[in-house]
Amino acid sequence: MISRQITSVPDVLAAPNFDNLLQVLRCRQPSRATLFEFFLNGDLEERLAFGGKDARAATWPWHMVQALAFRKAGYDYLTVGVPGFAFPAGDRHRDRSISLNEGAMITDWASFRAYPWPNPDDAQYGILDEVGNELADGMQIIVCGPGGVEENVISLVGYDNMCYMMADAPELVEAIFEQIGSRLTRYYQHVAKHPRVGACISNDDWGFKTQTLLSLQQMHQYLFPWHRRITEAVHDAGKPVILHSCGYYDDVIETVITDLHYDARHSYEDNIRQVEEAYDQLHGRIAILGGVDLDFICRSTPEEVYTRAKAMLQRAVHGGYALGTGNSVPSYVPHDNYFAMLHAALEER
């Protein structure tokens, strides 16, 4: 019987060291088990930072709370999105899910020209200085984007509309991808140069459970050239870049590795491909991050979560793996189960 101590907030004694995550991103074995998560949630961050509900959570700047929470959870970094740069979209129904068709703002050339395209040079990059000053020694920032190229195109155009537009007005589709892709590239050029930024995440969901949202020909024509520019921008600054992309990926993983040159891939689901299988297939070619399926974490016992997490760490004997959930830690994830996953990595520190 596994000790119920695995459901407690971990007691992280060892200092953070971003070099361990860098070793993972280089497909090498870190000096100790390493954690990775895209983002947590407010209640969990408050519990990690302060031990529970605390008035400081309402008065401290958000990045101070998150930096403390990530430090106390055993991460070697903090994920940050830079405010002041986003692609304004129309109203979308968000009560239970996000529609891929509501809120379209670009339907033709006239609305394309009228759209208020954001300038990435105007983003509030000073937040990186502020966050960097709050991080514990040994921690670095990992910067994510305001959504990805394909996600923002779908947000502005609508998924069904985009599919029709690719047949009826391909030049307009290409222009929309260019406007979004070029601005995201410029954004990553800015953030990758910051001395406290250790890596970047290019976050762009590409697939359903059984196929990609676009055909391979469409992805190669419209999407991949911009992802290639994004990875080049980050690599030119000497930093690794992580692809966070949900959904089916079998048909594109070779392009992700050999053409787009991503250093790591994140987001795995058991009903698409278990992370254990993904690691066996891809280790040594691209780093594998997270992968403990969210549905599994929510429905299992803490002991089951701990056992699977521990087995995954033992499986990753070839390096290039960091432990975490399949996607993120939203508010409905039981804290006990999340802590059980952390303990599988942190008990060695």
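The values are calculated or read from the model by the stated rules, or taken from the named source; none is laboratory data. These numbers were taken from a predicted model, which means no experiment stands behind them. Neighbour counts are summed over all protein chains in view; Cβ atoms, including those assigned to glycine, are modelled from backbone coordinates with ideal geometry.
When the range 116-152 is filtered for residues that are in a helix (DSSP H, G or I) and surrounded by fewer than 16 Cβ atoms within 10 Å (Cβ to Cβ), the ones remaining, listed by number, are 121, 122, 126, 129, 130, 133. Which of the residues spanning the range 1-57 are among the small types (Gly, Ala, Ser), under 24 Å from residue 307 (Cβ atoms) and out of contact with any helix residue (DSSP H, G or I) (no Cβ under 8 Å at 6 or more places or on another chain)? Scanning the range 1-57 gives 3, 14. Sub-6 Å Cβ pairs linking a first residue in the range 262-281 that is under 16 Å from residue 38 (Cα atoms) and touching a residue at least 60 places away in the same chain (Cβ under 8 Å) to a second residue that is acidic (Asp, Glu) and part of a loop (DSSP other than H, G, I, E, B), at least 6 apart or interchain, are 269/293, ordered by first then second residue.
Condition check ((1) part of a loop (DSSP other than H, G, I, E, B); (2) touching a Cys at 6+ places or on another chain (Cβ under 6 Å); (3) crowded, with 22+ Cβ neighbours inside 10 Å; (4) at pLDDT below 95) across all residues:
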site: 285; (1), (2), (3), (4): yes, no, no, no
site: 298; (1), (2), (3), (4): no, no, no, no
site: 314; (1), (2), (3), (4): no, no, no, no
site: 322; (1), (2), (3), (4): no, no, yes, no
site: 339; (1), (2), (3), (4): no, no, yes, no
site: 349; (1), (2), (3), (4): yes, no, no, yes
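Being surrounded by 20 or more Cβ atoms within 10 Å (Cβ to Cβ), at pLDDT 95 or above and in a loop (DSSP other than H, G, I, E, B) is a property that residue 180 lacks. Of all the numbered requirements in (1) touching a Ser or Thr at 6+ places or on another chain (Cβ under 6 Å); (2) part of a helix (DSSP H, G or I), residue 113 misses one, and that requirement is (1).
Being in contact with a Pro (Cβ under 6 Å, 6 or more places away or on another chain) and assigned to a helix (DSSP H, G or I) is a property that residue 345 lacks. Note on the range 40-66: residues that are over 21 Å from residue 126 (Cα atoms) and of a type in the set (A, V, I, L, M, F, W, C) total 8. The set of residues in the range 227-271 that are within 24 Å of residue 295 (Cα to Cα), in contact with an Asp or Glu (Cβ under 9 Å, 6 or more places away or on another chain) and among the aliphatic types (A, V, I, L, M) comprises 242, 243. Within the range 119-155, track down each residue that is at pLDDT 95 or above and acidic (Asp, Glu). Answer for the range 119-155, where residues must be at pLDDT 95 or above and acidic (Asp, Glu): 121, 122, 129, 130, 137, 150, 151. Residues in the range 188-216 that are over 16 Å from the mean Cα position of the chain (by Cα) and either aromatic (Phe, Trp, Tyr) or closer than 26 Å to residue 250 by Cα (or both): 208, 209, 210, 211, 212, 213, 214, 215, 216.
If only residues of the range 244-263 that are crowded, with 23+ Cβ neighbours inside 10 Å and touching a helix residue (DSSP H, G or I) at 6+ places or on another chain (Cβ under 6 Å) are counted, the one that is nearest to residue 147 (Cα to Cα) is 262. Taking the range 222-237 as the range and being of a type outside the set (D, E, K, R) and in contact (Cβ under 8 Å) with a residue 40 or more places away in the chain as the test, the residues that pass are 222, 223, 225, 226, 227, 230, 233, 234, 237. If the condition is being assigned to a loop (DSSP other than H, G, I, E, B), under 15 Å from the mean Cα position of the chain (by Cα), under 22 Å from residue 329 (Cβ atoms) and charged (D, E, K, R), then the range 224-274 contributes only 269. Can you confirm whether the range 220-234 contains a residue that is surrounded by fewer than 19 Cβ atoms within 10 Å (Cβ to Cβ) and farther than 25 Å from residue 174 by Cβ? Among the residues of the range 220-234, not one is surrounded by fewer than 19 Cβ atoms within 10 Å (Cβ to Cβ) and farther than 25 Å from residue 174 by Cβ, which makes the answer no. Taking residue 155 as the residue in question, decide whether it is assigned to a helix (DSSP H, G or I), farther than 25 Å from residue 68 by Cβ, among the small types (Gly, Ala, Ser) and touching a Leu at 6+ places or on another chain (Cβ under 9 Å). For residue 155, the condition - assigned to a helix (DSSP H, G or I), farther than 25 Å from residue 68 by Cβ, among the small types (Gly, Ala, Ser) and touching a Leu at 6+ places or on another chain (Cβ under 9 Å) - is met. Might you let me know whether the range 106-115 holds any residue that is over 23 Å from residue 244 (Cα atoms) and in contact with a His (Cβ under 8 Å, 6 or more places away or on another chain)? No; the residues of the range 106-115 include none that is over 23 Å from residue 244 (Cα atoms) and in contact with a His (Cβ under 8 Å, 6 or more places away or on another chain).
When 175, 167 are screened for being touching a Phe, Trp or Tyr at 6+ places or on another chain (Cβ under 7 Å), part of a helix (DSSP H, G or I), surrounded by fewer than 19 Cβ atoms within 10 Å (Cβ to Cβ) and not basic (Lys, Arg), only 175 passes.
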